[in-house]
């Protein structure tokens, strides 16, 4: 019987320290929730040793400049001391992200969990909606 | 998330201003009046504390006393419009207009909650019409809301009052109304 090895389905946020990190694909388009997802994911990767790839997307809902997003991603990585592969995805963000995750054998896609209105209602973004409905890879929305 | 939202060209209404009293379909006398923090805050917290989780919508109302208190602070704060539906001393429902953060009191988001025991008796329509009357009087020009697209009873209620669909492409069905 193995001891100290997690054998059940791995939970994203409660992983045993001796389990090898997962291969994570974080999609970021510059919205506030995607920035929070970046910070949360990099924080976790520092503890778990996740193999992190950050995909910078063109989110039609924001006018964020991809180069500025990349600078932001790099500064978060540097600050927390995590290395990650940074990629730029052109074209339709949701389908490009799903295709990359499936083609390159990622364990999980990570995305922002939606914007919150002044009322407190959560509104899911269009990229998250597409990815949730179409991805064969597990998806985590960061709240 | 407040840009590019389409509103009907013509104003709806007029709507009644609070207080309004009407008998609901169960024969109960229901008064909708302005929310008074000193008088109503405790009862409103209690209402949300007992709220059925199945009736939550897009994350609200939140759960837990502290989160409910924080949420009520923000949706009853400066610039908001709030009414409560009362049955005697009991609060049966609550409706609120929260102004868009990047705007003054010109555009506001609407939410309405009716306690389970009071649902299906016409109180929602009574509450929302009186809230819109209070909003109109406070100078609110446009009101928007989102509703889960499978929630047909809620969508019908909003349509009956004068809301029109403005975005049906997303997970959430967005509806708008013009008051002025």
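The values are calculated or read from the model by the stated rules, or taken from the named source; none is laboratory data. No experiment lies behind these values; they were computed from the predicted model shown. Backbone-built Cβ (ideal geometry, glycine too); neighbour counts: all protein chains shown.
For the range A:63-79, state whether one or more residues are surrounded by fewer than 16 Cβ atoms within 10 Å (Cβ to Cβ) and within 12 Å of chain B (Cβ to nearest Cβ). Checking the range A:63-79: at least one residue is surrounded by fewer than 16 Cβ atoms within 10 Å (Cβ to Cβ) and within 12 Å of chain B (Cβ to nearest Cβ).
Condition test on residue B:57, is it modelled with pLDDT of 95 or more, closer than 22 Å to residue A:113 by Cα and within 12 Å of chain A (Cβ to nearest Cβ)? Walk me through how you get there before you give the answer.
On the way: modelled with pLDDT of 95 or more: no; closer than 22 Å to residue A:113 by Cα: yes; within 12 Å of chain A (Cβ to nearest Cβ): yes.
So residue B:57 does not fit the description; no.
Only residues that are assigned to a strand (DSSP E or B) and more than 10 Å from chain B (Cβ to nearest Cβ) were counted across the range A:106-143, and they come to 10.
For the range B:18-46, a tally of residues being within 15 Å of the chain's Cα centre (by Cα) and either closer than 30 Å to residue A:115 by Cα or surrounded by fewer than 17 Cβ atoms within 10 Å (Cβ to Cβ) (or both) returns 3. Just one residue in the set B:17, B:63 is more than 27 Å from residue B:177 (Cβ to Cβ) and in a loop (DSSP other than H, G, I, E, B); that residue is B:63.
Residue check: residue B:69 meets all listed conditions (1) over 22 Å from residue B:177 (Cα atoms); (2) touching a residue at least 40 places away in the same chain (Cβ under 8 Å); (3) away from chain A (no Cβ under 12 Å) but one, namely (2). Every listed requirement among (1) touching a residue at least 40 places away in the same chain (Cβ under 8 Å); (2) surrounded by 14 or more Cβ atoms within 10 Å (Cβ to Cβ); (3) under 19 Å from residue B:108 (Cα atoms) is met by residue B:10 save one, (2).
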